[in-house]
1. Taking Gly71 as meeting all but one of (1) touching an Asp or Glu at 6+ places or on another chain (Cβ under 8 Å); (2) open to solvent by less than 80 Å² (accessible area, probe 1.4 Å); (3) of a type outside the set (Val, Ile, Thr), write down the number of the exception.
2. Of all residues in the range 205-231, which are assigned to a strand (DSSP E or B) and of a type in the set (A, V, I, L, M, F, W, C)?
3. Among the numbered conditions (1) in contact with an Asp or Glu (Cβ under 6 Å, 6 or more places away or on another chain); (2) surrounded by 13 or more Cβ atoms within 10 Å (Cβ to Cβ), tell me where Ile201 comes up short.
4. Being open to solvent by 50 Å² or more (accessible area, probe 1.4 Å) and either in a strand (DSSP E or B) or of a type in the set (A, V, I, L, M, F, W, C) (or both) is the filter here; which residues of the range 122-156 pass it?
5. Go through Asp183, Asp152 for me and flag whichever is of a type in the set (Asp, Glu) and free of Cβ contacts under 8 Å to residues at least 60 places away in the same chain.
6. Here's a check for you: in the range 103-121, which residue that is open to solvent by 50 Å² or more (accessible area, probe 1.4 Å) and part of a loop (DSSP other than H, G, I, E, B) is nearest to Lys79 (Cα to Cα)?
7. Going through the range 232-253 one residue at a time, which ones are open to solvent by 60 Å² or more (accessible area, probe 1.4 Å), part of a strand (DSSP E or B) and of a type in the set (Phe, Trp, Tyr)?
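The values are calculated or read from the model by the stated rules, or taken from the named source; none is laboratory data. Computed from a prediction, not measured in an experiment: that's the story for all the values here. So basically every Cβ, Gly included, is an ideal-geometry build from the backbone, and we count neighbours across all protein chains shown. Just so you know, the surface numbers come from the protein's heavy atoms only, side chains and all, with ligands and any DNA or RNA stripped out. Shrake-Rupley method; radii C 1.70, N 1.55, O 1.52, S 1.80 Å.
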Amino acid sequence: MRSSAASDVYKRQEENRTYILREKTAPYGYETTEEIEFVVSENKETQKIEMIDKVVLVSKTDLVTGEELPGAELEVTDKDGNVIDKWTSTNVPHHVTGLEEGKEYTLTEKTCPYGYEVAESINFVVTTDKETQLVEMKDMPILKTIKVIKADSETKETIKAKFKFGIYEDPECTKLIKEVKADKESGTVTFEDLRYGTYYIKETKAPWGYQLSDKAVKVEINNEGTFADGELLEDNDSICTFTYYCLLYTSDAA
């Protein structure tokens, strides 16, 4: 943006003398630009001094998707710890106000959106070029892995065979998110990188000789922990495990 002061035609300055054009305050959304030293030329042509204000944008994004992340409380401070600007992120980058070119600042996340980890602060210097400067702060979503152990309901032994499980959005299990094959060596299926939310896990293919269960386990992941049908699961390095029991297929069951 060109400052209105920058387009003024200086008629009263003396020729061949040096002057300084200094911006006292910048328009909202722009940074105070460096002062400009200039000499009044001796020719009789109109002399124009142009001062261009710089834009600094802060983008708060999801580390995984790269999308803008609303709901983070952010602030920018100077080297003395004075708060220059503060805001809550939205779905578009924020124009930072009150900065000066050539000076160093710190971007800090005071609180992060639900389901994310607070990002480390970022130190940056406002550059003196006139290109829009983007400072991007990325938040890592809190991710959990759910491991399902398939076991015989009578013997309680793990079933190491071919089977599949699906994870769904709805309790009726009509909106499939992902289907996973069993690891036959361990008798488990694993659902990785699950964000905060509610899911339903159900068997989609039973091991040979066993009945296909219609039980859907409700899995909830939130800031209080990870739950399977209301039971808090032990968290081992963000891996939570529960056992899914099944019945042998018999003629009586048929």
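1. Result: Gly71 passes all but (1).
2. Filtering the range 205-231 for residues assigned to a strand (DSSP E or B) gives 205, 210, 216-222, 225-228, 231.
If the condition is that a residue be assigned to a strand (DSSP E or B) and of a type in the set (A, V, I, L, M, F, W, C), then Ala216, Val217, Val219, Ile221, Phe227, Ala228 are the ones that fit.
3. Among (1) in contact with an Asp or Glu (Cβ under 6 Å, 6 or more places away or on another chain); (2) surrounded by 13 or more Cβ atoms within 10 Å (Cβ to Cβ), the lone unmet condition for Ile201 is (1).
4. Asn123, Val125, Leu134, Glu136, Lys138, Met140, Lys147
5. Working: Asp152 fails: free of Cβ contacts under 8 Å to residues at least 60 places away in the same chain.
After ruling out the rest, the residue left standing is Asp183.
6. The first filter runs over the range 103-121 and keeps only residues open to solvent by 50 Å² or more (accessible area, probe 1.4 Å), leaving 103-104, 110-111, 114, 117-118, 120-121.
From the residues that got through so far, the ones that are part of a loop (DSSP other than H, G, I, E, B) too are 103, 114, 117-118, 120-121.
Values: Lys103: 9, Tyr114: 30, Glu117: 25, Val118: 21, Glu120: 17, Ser121: 13 Å.
Among those residues, the one meeting the criterion is Lys103.
7. Tyr245
Here is a yes/no grid of residues against (1) in a loop (DSSP other than H, G, I, E, B); (2) of a type in the set (Asp, Glu); (3) within 30 Å of Leu57 (Cβ to Cβ); (4) in contact with a Phe, Trp or Tyr (Cβ under 6 Å, 6 or more places away or on another chain):
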{"site": "Lys162", "(1), (2), (3), (4)": "yes, no, no, no"}
{"site": "Gly166", "(1), (2), (3), (4)": "no, no, no, no"}
{"site": "Asp170", "(1), (2), (3), (4)": "yes, yes, no, no"}
{"site": "Ser186", "(1), (2), (3), (4)": "yes, no, no, no"}
{"site": "Glu192", "(1), (2), (3), (4)": "no, yes, no, no"}
{"site": "Thr198", "(1), (2), (3), (4)": "no, no, no, no"}
{"site": "Glu203", "(1), (2), (3), (4)": "no, yes, no, yes"}
